[in-house]
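One structure is given below, encoded as structure tokens.
The values are calculated or read from the model by the stated rules, or taken from the named source; none is laboratory data. None of these values were measured; they are calculated from a predicted model. Positions of Cβ are generated from backbone atoms using ideal geometry, with glycine treated the same way; all protein chains shown enter the neighbour counts. For accessibility, only protein heavy atoms count, side chains too; no ligands or nucleic acids. Shrake-Rupley method; radii C 1.70, N 1.55, O 1.52, S 1.80 Å.
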Amino acid sequence: MKRIDLNALNGAFIGGRWTPTADDRRFAVTNPADGSHLADVADCGADEARAAIEAASAAQAGWAARPAADRGAMLRRWRDLLVEHVDTLADILTAENGKPLAEARGEILYGASYLEWFAEEAKRLYGDIIPSASGHNRILVIKQPIGVCAVITPWNFPNAMLMRKAAAALAAGCTLVAKPAEDTPLSALAVAALAAEAGVPDGVFNIVPSSRPAEVGAELTGNDRVRKISFTGSTGVGRKLIEQSAAGIKRLSMELGGNAPFIVFADADLDAAVDGAIAAKFRNAGQTCVCANRIFVERSVMADFSARLSEKVKVLSVAQGHESGAQIGPLINKAALEKVERLVADARGAGAKVKVGGHRHEAGDLFYAPTVLEGVTAEMDVAREEIFGPVAALMAFDSEDEVIALANDTPYGLAAYVYTRDLGRAWRAGEALEYGMVGINEGIISSSAAPFGGIKQSGFGREGSHYGLDDYVSVKYMLMGGLGA
Ligand code: ADP
């Protein structure tokens, strides 16, 4: 398969078959860089979601019964196919999401790394034998797949968010129904085509694209055959899914919104801090849940840091993702663009200074110029809300205690970043920050080997690393008796 045919990706993927909806309803997928039409995709509703759940349920026992090494080998083949088709998959990803091609390639390889990781971890789903109080029996612990899992994924990493859930679920012996975001269903459908080619059995991996997420979400959360929901997206939708899952007492993993602090102490290597801020802020045009949202800089180095950052932000190349050298693509849709405009206008109105950007960009209707704001304060919307755009909000601070308190003053707790050369301060800050992940002198922290996830209203559950498998298994205790003489 040299080029994945977009026209072939127009069905839902249910039970190993490309399936139209009963009424052949479809929705259009467009390219955010220029508004062009990419494909019409099956618009699934509750009926298709139910059919996918039934397919997953029918495949569950057989998949769980396979030796872990077989499941791992299949995931490994799937990984190899992703890598083999990286250019095609990146092309599709850039077309539907807008991110620069180089980032899209990086995302495909990152997504594939979860398949590699969990292909190996599948074989290490160890149990335990615990000494019992009685000499006549033994406490045995085994880990078993939870069962059918439903996963709902966002548009900002249409490949990687799906792969890190699917790889762990399938490795643990669970089957899966995935609902990709309505803006970006093609990347999910493309990997489904490769799953089939890798030999993943029919029904183990199902995709139900939809422009009606609430309807599909209601079926996924309401259906008793689904034993777990794993969601990546906004805190508001996560809260709704938790409520909807309460009746059926489902297992849940929630990877929700963030408001990441990026703290630069005066003793930091400022060049490294500037590079880290560029990476943590401007990747995917600022549209990631771990993007630096509030950049706290110690007052004595603020002018220097701001000048160095501004120099680099000014020369970021804003262009359609397919253009060579593009670094900043479009925002995903009009609502996202208008939100960024509102946040910048509010900050300006409240006294923040625009050092760079601060306006739309002529590259296209959904582009926003990379922006640096100085003089941001904690009350401004830009500091309280998740920006999800290419806007660096700089806030000055005077002491370690003050900045830790400011950084923690948010309902969110996903990622935080600290730049300092003082080892004691690095430890203190790392431990005091109420976040699930802390990058110390690093602006990019995601890796399949590391546990990704948040605390507070950023959610719960971990993806990646050996912790990631735990989210897809139930612990079973068996007491083996009759051993005494
Ligand atoms: P964003 O605001 O970044 O688009 P969302 O939380 O709205 O984030 O979307 C993340 C995912 O959640 C997408 O797949 C979207 O379709 C889905 N989604 C949105 N609303 C619901 C809902 N009511 N039930 C289930 N899924 C939903």
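Whenever a residue of region 64-82 is closer than 12 Å to ALA119 by Cβ and among the small types (Gly, Ala, Ser), its partners that are outside any helix (DSSP H, G or I) and open to solvent by less than 70 Å² (accessible area, probe 1.4 Å), lying with C-beta atoms within less than 8 angstrom and at least six residues away or across chains, give the pairs ALA68/LEU125; ALA68/GLY173. Of all the listed residues (GLY325, GLY351), the sole one being touching a Ser or Thr at 6+ places or on another chain (Cβ under 7 Å) and surrounded by fewer than 16 Cβ atoms within 10 Å (Cβ to Cβ) is GLY325. Every condition in (1) more than 11 Å from the ligand (Cβ to nearest atom); (2) buried (at least 19 other Cβ atoms within 10 Å of the Cβ); (3) of a type in the set (A, V, I, L, M, F, W, C); (4) more than 26 Å from ALA326 (Cα to Cα) is met by ALA266 except one, and the failing one is (2).
Does ARG308 count as within 16 Å of the ligand (Cβ to nearest atom), under 20 Å from LYS355 (Cα atoms) and touching an Asp or Glu at 6+ places or on another chain (Cβ under 8 Å)? No, not satisfied.
Quick grid of which residues meet (1) basic (Lys, Arg); (2) more than 7 Å from the ligand (Cβ to nearest atom):
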site: PHE205; (1), (2): no, yes
site: SER210; (1), (2): no, yes
site: VAL216; (1), (2): no, no
site: GLU219; (1), (2): no, yes
site: VAL226; (1), (2): no, yes
site: SER245; (1), (2): no, yes
site: LYS250; (1), (2): yes, yes
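Quick one: which helices (runs of 4 or more DSSP H) lie wholly within region 265-374 and hold at least 3 residues that are closer than 21 Å to VAL438 by Cα?
Fully inside region 265-374 and qualifying: 270-282.
Counted as qualifying within region 116-229 are the helices (runs of 4 or more DSSP H) with 1 or more residues that are over 29 Å from LEU101 (Cβ atoms) and open to solvent by less than 10 Å² (accessible area, probe 1.4 Å), namely 160-172, 213-222. When PHE13 is tested against (1) outside any strand (DSSP E or B); (2) of a type in the set (A, V, I, L, M, F, W, C); (3) modelled with pLDDT of 95 or more; (4) touching a helix residue (DSSP H, G or I) at 6+ places or on another chain (Cβ under 6 Å), just one condition goes unmet, and that condition is (1).
No other residue among ALA52, ALA46, ALA150 is among the aliphatic types (A, V, I, L, M), touching a residue at least 60 places away in the same chain (Cβ under 8 Å) and touching a Gly at 6+ places or on another chain (Cβ under 8 Å) apart from ALA52. For region 276-284, does any single residue satisfy the condition of being open to solvent by 10 Å² or more (accessible area, probe 1.4 Å), among the charged types (D, E, K, R), in contact with a strand residue (DSSP E or B) (Cβ under 7 Å, 6 or more places away or on another chain) and within 16 Å of the ligand (Cβ to nearest atom)? No, there is no match, as no residue in region 276-284 is open to solvent by 10 Å² or more (accessible area, probe 1.4 Å), among the charged types (D, E, K, R), in contact with a strand residue (DSSP E or B) (Cβ under 7 Å, 6 or more places away or on another chain) and within 16 Å of the ligand (Cβ to nearest atom).
When the residues of region 154-203 are filtered to those that are among the β-branched types (Val, Ile, Thr) and within 18 Å of ASP91 (Cβ to Cβ), which remaining residue is nearest to the ligand (Cβ to nearest atom)? Among those that are among the β-branched types (Val, Ile, Thr) and within 18 Å of ASP91 (Cβ to Cβ), it is THR184.
For first residues located in region 421-434 and touching a residue at least 40 places away in the same chain (Cβ under 8 Å) and closer than 21 Å to ASP271 by Cα, partners that are assigned to a loop (DSSP other than H, G, I, E, B) and of a type in the set (Val, Ile, Thr) and lie 6+ apart or on another chain with Cβ distances below 8 Å form the pairs ALA429/THR420.
Here region 421-465 is the region considered, the condition is being in a loop (DSSP other than H, G, I, E, B) and on the phi > 0 side of the Ramachandran plot, and the residue that is nearest to the chain's Cα centre (by Cα) is GLY453. In this structure, is ALA432 crowded, with 24+ Cβ neighbours inside 10 Å and either modelled with pLDDT under 95 or of a type outside the set (D, E, K, R) (or both)? Considered against the rule, which asks whether it is crowded, with 24+ Cβ neighbours inside 10 Å and either modelled with pLDDT under 95 or of a type outside the set (D, E, K, R) (or both), ALA432 comes out as no. For GLY233, indicate whether it is open to solvent by 10 Å² or more (accessible area, probe 1.4 Å) and within 13 Å of the ligand (Cβ to nearest atom). The answer is yes for GLY233.
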